[in-house]
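Read-outs throughout are calculated quantities, based only on the coordinates presented, and are distinct from any laboratory measurement. In this text, all values refer to a predicted model and were calculated from it rather than measured experimentally. Don't worry about glycine lacking a Cβ; one is built from the backbone with ideal geometry, like all the others, and counts go over all protein chains shown.
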Amino acid sequence: IRLASIRVAMYSSSLLPDPAVYQPDTLDLNTDGKAADYWFNCFRDMVAKFAKVAAKSQEEDHTATQRAEQFQAAY
């Protein structure tokens with residue numbers, strides 16, 4: 001899935017000191033294959049880490065591992 005296929009409203013972070021002067025990264029992962037490979041690998045690793053931590057945080061729940069795996073598969 002490339003970013004162009006995802007429709008999500010974007011908002012400025014309320015933690016920015018002055019959102020009017022914020023200049024976001026303009027890297028286009030739809031056109032920069034090398035950057036896309038790098039960042040999507042980072043995102044996949046991050047999702048795997050989140051799933052692992054989430055499952056471990058609810059070890060007493062017998063569905064935690066399954067739910068973590070479902071989360072990881074979805075993202």
Task: Where labels lie 7 Å past Cα in the beta-carbon direction, separation of Arg44 and Thr63 in nm - done: 2.9 nm
TODO: Using only Cα atoms, find the angle between the long axis of helix 64-74 and the longest principal axis of the chain, and express it within 0 to 90 degrees, rounded to the nearest 10.
DONE: 30 degrees
TODO: Would you compute, from DSSP H runs of 4+ residues alone, the mean residue ellipticity of the chain at 222 nm, taking -39500 (n - 2.57) per run and dividing by the full residue count, rounded to the nearest 500?
DONE: -16500 deg cm²/dmol
Open item on the list: Taking R0 as 22 Å, what FRET efficiency do you get between Phe71 and Ser14 from their Cβ-Cβ distance, rounded to the nearest 0.05?
Closed with: 0.25
TODO: Note down the magnitude of the dipole of the chain about its Cα centre, charges +1 on Lys and Arg C-beta and -1 on Asp and Glu C-beta and zero elsewhere, to the nearest 20 debye.
DONE: 160 debye
Open item on the list: Just want the ordering: Ser57, Ser14, from fewest to most Cβ atoms lying within 10 Å of their own Cβ.
Closed with: Ser14, Ser57
